[in-house]
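Below is one structure, written out as structure tokens; comments come after it.
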Amino acid sequence: MSVQVLPFQSRFVTVAGHKMHYIDEGAGPVVLCLHGNPTWCYFYRNLVRELRSSFRVIAPDFLGCGLSDRTPGTRFKAIDRINQLEEFVETLGIDRFSIVMHDWGGPLGTGFILRRLDKVDRVVYLNTTLTETEALPGFIKLAATPVIGKLFTRHTDTFVRLTTAMGMGAHTRLTPEVKDGYRAPYTTRQRRDAIWDFVEDIPFDASHPTYQQMVEIAAGLPKVAEKPVKIVWGLQDPCFHREMLSKVAAHFPKAELLEIPEASHLVLDDAPKVAIPAIQEFLARPTGEVAKTDSPASVEGREQGSVHVIYDQVMRIAEAAPNLSAVITPRWVRDPINGSALHYAHTTYGDLAKLINQYQRGLGDLGLVPGDRVLMLVSPGTDFLALSVAVMGRGATPVFLDPGMGLERLSRCIQDVNPDAFIGSPRAHLLRLLKRSLFHRIKFHVTASEWAFTRGHSLGYFKRFANAPLSPVPLPILRKDDRLKAEDCALIAFTSGATGTPKGVIYTNAMLAEQLRTIRDVLGQEGGVRDLTLLPVFSLFNIGLGVASVFPTMPAGKPLALDPAQVVKLVSDLGIESSFGSPTLWHKIAEYTLRVGTTLPSIKRVFMAGASVPASTLALVKRAIPHGEASTPYGATEALPVTYITATELTTRSWVSAVTGEKGTPVGRAVRGVSVRIIRPTNDPIRSIEECEVLPVGEIGEVIVQGQGISPEYLHRPDANKAGKILDGESFWHRMGDVGYLDNDGYLYYCGRKSHSIYTDHGVFHSVPLEELFNAMPKVRRSALVGIKGYREPAIVVEPFPQFWPENEKDQEVFMRELQGCAASSPLTRDIKHFFFHKSFPVDPRHNAKIFRDRLGDWADKLLQAQRAA
């Protein structure tokens, strides 16, 4: 037959008594290229052209294939072909070599190199299978049946034509000349015998003669994985599909993986400009040298920044310590003997990284691109972290908000975000169905569970994707305005909205990096620690530091539903060493340990933030952690942490009052890299720092802060940016929205939110110092300073302990006189004339500690009007 379709000299060598055809081009290190079925060495023609200037490239045709001899009446099994490969290599005198394998060349070549691994330099797999025959598609299994199979593969050229039809990617089509080249050796029935032999030799079950050979290959794959391996895969291949890629890549954890979305089965023809240079670079790379980072996909017109710092940290930890715990999830499991028992599911960093890689590939397949904003309403746990980090790894921006903030506020936040994609729990998708207009822009949505009751994809969709490492995508650079300096947008977290509408806070990469350093160096959170994660978003910092997050069972938006008995068991069973939570939650936990007469001896650090921490709560928590320390970092969603102080320091140091007599809550000195100033309060925007009047020590004013760990701006809120940021040359100051004062040693004293201060003819009333007077009363659980009569008069609303709730008029009169007496005892409160009782304060869902004083004020005003009307 004519061999003109092959643009190289044909050579022949006798193997197993038959002539085996091969091409042998170039000089240098040997590269052996093995074809699959029903192709031949023609598949490698373009690769040979590029490699022959630097390598000796040898591509044989298996016996019965291509231009090699046909062997009528003789069928070869996998073991036969492996033996023939060995004879071929020995006959040519090949010592050391690298190997490239495609399709069924993969298992045959792998079986061969397992016999001489010490002679193998590098290994390349192209759209193949090794031991994953059960994952092959139905049409391959149909082709392996005797009647239909012989019709497709031997009696007609259907199988050959299907293969060249598969060799058509999204942007390429094989030319008629190329198709003819593939078909040239298989024009007659007699020349197609080997095609059927290959298909018949697929071991779909243990009874097949080749099954044991497949098992032996599987046993040897860990040894192959020790070699440098590169996997190049056309993702549109209907035969060796994504799930097959995932299974093949799982054998080689350290392999380089190049996925080509537009290519199909004949990957060297579909994407020669991508696949061939990648293979060439890999084969030419000196031993021990790592790959250069592939140029990531970019968004047109956007400058590229750095890789997401949390993603980068997680992947580094996963590589250095793959067996380190990243997430520990408690699960109740039914025990037929002892009833329900608590078991713990450990997710290591290695497992988490693999899951992240699968999610990255799946999200990219769904259309996620750098710069996309992804609304995340996912329950805390492994999938929450893996999905969030996967979004980060693709250069997109995850957006976090509290699902318990109420439908109206939630809707406003989503409107601000205008998300490109949505990932949520099954319950969260009810919101998508209820408020369709808020999600009109989304390209896709994912249900973060194994099932989806709405159209879209569940987590099961991602199982088909490979879990091998892939190159991260840098974050796009944001457009800058004339006021702010945000470089990129690493994530967006919404404020709790305790003092107004929640705002989306932009976290930059530099901001996150600084916060990670501070949490590690100042708060002492280090790799290997197990943390009881009571505020889920903080688990993102944990995994960036090598800290294992333990998620207790806690309904979304209802943190006070936390069972303290479960917490005690988790801490005892797992030896938990730290926890970050609100003072309300930790008061509940510590109070429980007091009631049942136990402690939490393994805990070394408890961080309480989100609201002012009462002295009684600090004392309770200190008792609960006899070998640990409680502390209260001060900060906000926009700036965390700003200052830091321990309970020991709070109880051993002498504290001073403001010059006007108020005694604020000490919250410590500024952490490294953060500056704090107190300025004259104003509700007007301040354009530059030169416009600020800095107040002297001891005088209460507005708190402003500066540092790398502080957000430069809000999402789509130019009004808030103007009101909340003060320019200072190339930097800026953030207005915390709080009031306080400094002492001579640089300690900051917190006096409450600026919007909670009440200005009257009698003076200024600041919430925290005044409320502390009433909170010290035995019957008062907590109190709140509110404004009534158009915010012109101060009033105190108290939430009594349940046992002290005034059930009748007499009890109210007694309690009221006690409150009036407390007010009269201090010059700070003697002008307060109005007091109200409230059974349960409205608080934010995130911390269950920040009181919505505006709602309480409206309630008190209406109650006062009703009382006067009566």
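Please report, in debye to the nearest 20, how large the charge dipole of the range 736-833 is about its Cα centre when each Lys and Arg carries +1 at its beta carbon and each Asp and Glu carries -1 there. Mind showing how you got there, number by number?
On the way: 11 positive and 14 negative charges, 40 e Å.
For this selection, approximately 200 debye.
Which value, in Å to one decimal place, does the Kirkwood hydrodynamic radius take for the range 732-791 when every pair of different Cα atoms is included?
The answer is 13.2 Å.
Summing +1 for each Lys or Arg and -1 for each Asp or Glu, what net charge is found among the other residues whose Cβ lies under 13 Å from the Cβ of Val768? Before the final figure, lay out each step's value.
Details: positive: Lys663, Arg753, Lys754, Arg782, Lys850, Arg853; negative: Glu662, Asp738, Glu771, Glu772.
After counting each charged neighbour, the total is +2.
For the range 661-801, what ratio Rg/Rh do Cα atoms give with a Kirkwood hydrodynamic radius? Each step should come with its number before you reach the end.
Values: Rg = 16.4 Å, Rh = 16.4 Å.
We get a ratio of 1.00 for the range 661-801.
Treating the Cα atoms of the range 731-849 as identical point scatterers in vacuum, please give the log10 of the normalised Debye intensity I(q)/I(0) at q = 0.12, 0.14, 0.19 Å⁻¹, two decimals.
Here log10 of I(q) over I(0) equals -0.50, -0.66, -1.11.
At 7 Å along the Cα-to-beta-carbon direction for both Arg427 and Asp121, put a label point, then send me their distance in nm to one decimal.
Those two pseudo-labels are separated by 5.9 nm.
Straight-line reach from Lys223: which aspartates and glutamates have a Cα under 12 Å away, not including same-chain ones fewer than 8 places off?
Asp118
Can you give me the relative contact order of the chain as a percent, contacts being Cα pairs under 8 Å and 6 or more apart?
Values: 1775 pairs, mean separation 65.8, N = 870.
Relative contact order, the chain: 8 percent.
Near Ile23, within a Cβ-to-Cβ distance under 10 Å, what is the net charge of the other residues, with Lys and Arg +1 and Asp and Glu -1? If you can, show how the numbers build up before the last one.
Numbers: positive: Arg11, Arg45, Arg52; negative: Asp24, Glu25, Asp61.
Taking every other residue near Ile23 into account, the sum is 0.
Report the normalised scattering of the range 480-628 as log10 I(q)/I(0) at q = 0.09, 0.13 Å⁻¹, calculated by the Debye formula with identical scatterers on the alpha carbons.
With no solvent term, the Cα-only Debye profile gives -0.32, -0.65.
For the chain, give the magnitude of the charge dipole about the Cα centre (Cβ charges: +1 Lys/Arg, -1 Asp/Glu; no others), in debye to the nearest 20.
On the way: 98 positive and 93 negative charges, 250 e Å.
I would put it at about 1200 debye.
I want to check the label-to-label distance for Glu262 and Leu221. Put each point 7 Å from Cα in the C-beta direction and report it in nm to one decimal.
3.1
First measure r as the distance between the Cβ atoms of Asp205 and Arg49, then evaluate 1/(1 + (r/R0)^6) with R0 = 56 Å and state the FRET efficiency to the nearest 0.05.
On the way: r = 42 Å, r/R0 = 0.74.
Approximately 0.85, to the nearest 0.05.
So, with +1 on the Cβ of K and R and -1 on the Cβ of D and E, and no other charges, what is the size of the charge dipole of the range 142-243 about its Cα centre, to the nearest 20 debye?
Working: 13 positive and 12 negative charges, 74 e Å.
Roughly 360 debye for the range 142-243.
Just need the relative contact order of the range 99-202 here, percent rounded to a whole number, with Cα pairs under 8 Å and 6+ apart. List each step's numbers first, then the result.
Details: 85 pairs, mean separation 26.3, N = 104.
After rounding, I find 25 percent.
Grab the Cα-Cα distance for His627 and Ala561, subtract it from 0.36 nm times how many residues apart they are, and report the gain in nm with one decimal.
Once the chain is fully extended between His627 and Ala561, it gains 21.1 nm.
Can you tell me the length gained on complete extension of the stretch Glu243 to Thr287, counting 0.36 nm per residue apart and subtracting the Cα distance?
Values: separation 44, 0.36 × 44 = 15.84 nm, distance 3.08 nm.
Working it through step by step, the gained length comes to 12.8 nm.
What net charge do the residues around Arg116 carry, taking every other residue with its C-beta under 11 Å from that of Arg116, with Lys and Arg at +1 and Asp and Glu at -1? Don't skip to the answer; put the middle values down first.
Values: positive: Arg96, Arg115, Lys119; negative: Glu86, Glu90, Asp95, Asp118.
Net of charged neighbours comes to -1.
Taking the simple approach of a point 7 Å from Cα along Cα-to-Cβ for both Ser675 and Glu86, what is their distance in nm?
Taking the simple label geometry, Ser675 and Glu86 are separated by 7.5 nm.
Sequence gap at least 6, Cα distance under 8 Å: using those rules, report the relative contact order of the range 553-620 to the nearest whole percent.
Numbers: 68 pairs, mean separation 24.4, N = 68.
That works out to 36 percent.
Compute the length gained on full extension between Glu699 and Glu649: take 0.36 nm times their separation in residues and subtract their Cα-Cα distance, giving the result in nm to one decimal.
Details: separation 50, 0.36 × 50 = 18.00 nm, distance 2.26 nm.
Gain in length upon complete extension: 15.7 nm.
In a Debye calculation with equal point scatterers on the alpha-carbon sites of the range 1-91 and no solvent, what is log10 I(q)/I(0) at q = 0.14, 0.17, 0.22, 0.26 Å⁻¹?
These q points yield log10 I(q)/I(0) values of -0.47, -0.70, -1.14, -1.47.
On average, how much accessible surface per residue is there in the range 1-117, in Å², for a 1.4 Å probe, leaving out ligands, DNA and RNA? Numbers along the way, then the final one.
Working: 3970 Å² over 117 residues.
Per residue, the range 1-117 has 34 Å² of solvent-accessible surface.
If each DSSP helix of 4+ residues adds -39,500 (n - 2.57) and the sum is divided by the residues in the chain, what number results at 222 nm, nearest 500 deg cm²/dmol? It would help to have the intermediate numbers written out before the result.
Values: 27 runs with 276 residues, N = 870.
The helix contribution divided over the chain gives -9500 deg cm²/dmol.
Once the Cβ-Cβ distance between Glu408 and Ala250 is put in as r, and R0 is 51 Å, what FRET efficiency do you end up with, to the nearest 0.05? Write out the running numbers ahead of the final one.
Details: r = 47 Å, r/R0 = 0.92.
E(calc), rounded to 0.05, equals 0.65.
Please list, or write none, the lysines whose alpha carbon is within less than 16 Å of the alpha carbon of Lys622, excluding same-chain residues fewer than 8 places away.
Result set, ordered by chain and number: Lys588, Lys604.
Hey, what's the range 713-868 come to in accessible area per residue, 1.4 Å probe, Å²?
On the way: 7140 Å² over 156 residues.
It amounts to 46 Å² per residue over the range 713-868.
Roughly to the nearest percent, how much of the accessible area of the chain is carbon and sulfur, given a 1.4 Å probe? Intermediate results must be reported in sequence, preceding the final value.
Values: 18060 of 35520 Å².
Carbon plus sulfur share of accessible area: 51 percent.
Past 31 Å, Cα to Cα: identify those pairs from Lys443/Lys503; Lys789/Lys810; Lys19/Lys179; Lys119/Lys254; Lys354/Lys850; Lys789/Lys850, in the order given.
Values: Lys443/Lys503 24 Å; Lys789/Lys810 27 Å; Lys19/Lys179 25 Å; Lys119/Lys254 20 Å; Lys354/Lys850 39 Å; Lys789/Lys850 23 Å.
Over 31 Å apart, Cα to Cα: Lys354/Lys850.
Along the charge dipole of the chain, Cβ charges K/R +1 and D/E -1, which of Thr760, Val739, Leu785 sits furthest on the positive end?
Result: Leu785, furthest along the dipole toward the positive end.
Stick to Cα atoms and the Kirkwood definition of Rh, then tell me Rg/Rh for the range 70-198. Please report the intermediate quantities before stating the final value.
Details: Rg = 16.4 Å, Rh = 16.6 Å.
Rg/Rh: 0.99.
I'd like the GluC sites (Glu not before Pro) in the range 789-823 restricted to DSSP loop residues with at most 16 other Cβ atoms within 10 Å, sorted by number.
Working: sites: Glu807, Glu809, Glu813, Glu818; in loops: Glu807.
Here the sparse-neighbourhood loop sites are Glu807.
The values are calculated or read from the model by the stated rules, or taken from the named source; none is laboratory data. This structure is a prediction, so every number in the text was calculated from the model and none was measured. Heads up, the Cβs are rebuilt from the backbone with ideal geometry, glycines too, and the neighbour counts pull from every protein chain shown. Just the protein is used for accessible areas: all its heavy atoms, side chains included, with ligands, DNA and RNA removed. Shrake-Rupley method; radii C 1.70, N 1.55, O 1.52, S 1.80 Å.
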